[in-house]
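For reference, the structure is listed below as structure tokens.
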Amino acid sequence: MRQGFAAVLKILNYNLDLERNALRRYREFAEKAKDESLKVFFINLAKAESGHINAIANVIRTIIEKTFDVSFFCPVCGWRINFGKDPKAGDITRCRMCGVTFELTEKDGDFDFKRV
């Protein structure tokens, strides 16, 4: 599992399972539908679920491949604090807007940050 993303990956994988189950159900409903408009309705829902599956899988992939920026919103000014794509707990960065310094922390497999 990717360091710092334990809860996020757990939630994304759970959501991916839900979307895959919905896709399977919609396809089953479309196959069984006698009414053509209902069949088209379920086919369209299945197509939408396919898009959701691809989007969620892409986010999971970018996290695992370390191409996903680890960032937070500055609690002082609201600007984005970016620790980069492959940070480690203990890394230090400054908010580019207000200049406050923050340290990346990790607890129970999840990234967090604190003001230093």
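The values are calculated or read from the model by the stated rules, or taken from the named source; none is laboratory data. These numbers come from a predicted model, not from an experiment. Here Cβ is always computed from backbone atoms with ideal geometry, including for glycine, and neighbour counts include all displayed protein chains. The accessibility values were calculated without ligands, DNA or RNA, using every heavy atom of the protein model including side chains. Shrake-Rupley method; radii C 1.70, N 1.55, O 1.52, S 1.80 Å.
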Does any residue in the range 78-89 that is of a type in the set (K, R) come within less than 9 Å, Cβ to Cβ, of a residue that is in a strand (DSSP E or B) and open to solvent by 80 Å² or more (accessible area, probe 1.4 Å) six or more places away or on a different chain, and which pairs are these? R80/F73
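Looking for whichever is within 14 Å of the chain's Cα centre (by Cα), aliphatic (A, V, I, L, M) and closer than 29 Å to E103 by Cα here; the options are L16, L9. Which one fits?
That would be L9, the only listed residue that is within 14 Å of the chain's Cα centre (by Cα), aliphatic (A, V, I, L, M) and closer than 29 Å to E103 by Cα.
Taking the condition of being among the β-branched types (V, I, T) and over 30 Å from F113 (Cβ atoms), how many residues in the range 1-52 meet it? Please lay out each step first, then the result.
Of all residues in the range 1-52, those among the β-branched types (V, I, T) come to 8, 11, 40, 43.
Still in the list and also over 30 Å from F113 (Cβ atoms): 40, 43.
Of the residues in that region, 2 qualify.
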Is it the case that the range 60-75 has a residue that's open to solvent by less than 70 Å² (accessible area, probe 1.4 Å) and over 20 Å from L104 (Cα atoms)? yes
Taking only pairs six or more apart or across chains, which ones have beta-carbon atoms under 6 Å, a first residue in the range 50-69 that is among the aliphatic types (A, V, I, L, M), and a second residue that is open to solvent by 50 Å² or more (accessible area, probe 1.4 Å)? I56/N15
Any chance F29 is part of a helix (DSSP H, G or I), of a type in the set (F, W, Y) and either open to solvent by less than 80 Å² (accessible area, probe 1.4 Å) or modelled with pLDDT under 95 (or both): no
If a residue has to be outside any strand (DSSP E or B), surrounded by 15 or more Cβ atoms within 10 Å (Cβ to Cβ) and in contact with a helix residue (DSSP H, G or I) (Cβ under 8 Å, 6 or more places away or on another chain) to count, how many in the range 84-116 make the cut? 1
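From the set of residues in the range 67-83 that are assigned to a strand (DSSP E or B) and polar (S, T, N, Q), which is farthest from R2 (Cα to Cα)? First the steps, then the outcome.
At the first step, the residues of the range 67-83 found to be assigned to a strand (DSSP E or B) are 71-73, 80-82.
Next cut, polar (S, T, N, Q) only: 71, 82.
Working: S71: 15, N82: 18 Å.
Checked the range 67-83; the qualifying residue farthest from R2 (Cα to Cα) is N82.
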When you look at A55, is it more than 30 Å from K114 (Cβ to Cβ), at pLDDT 95 or above, assigned to a helix (DSSP H, G or I) and not aromatic (F, W, Y), yes or no? yes
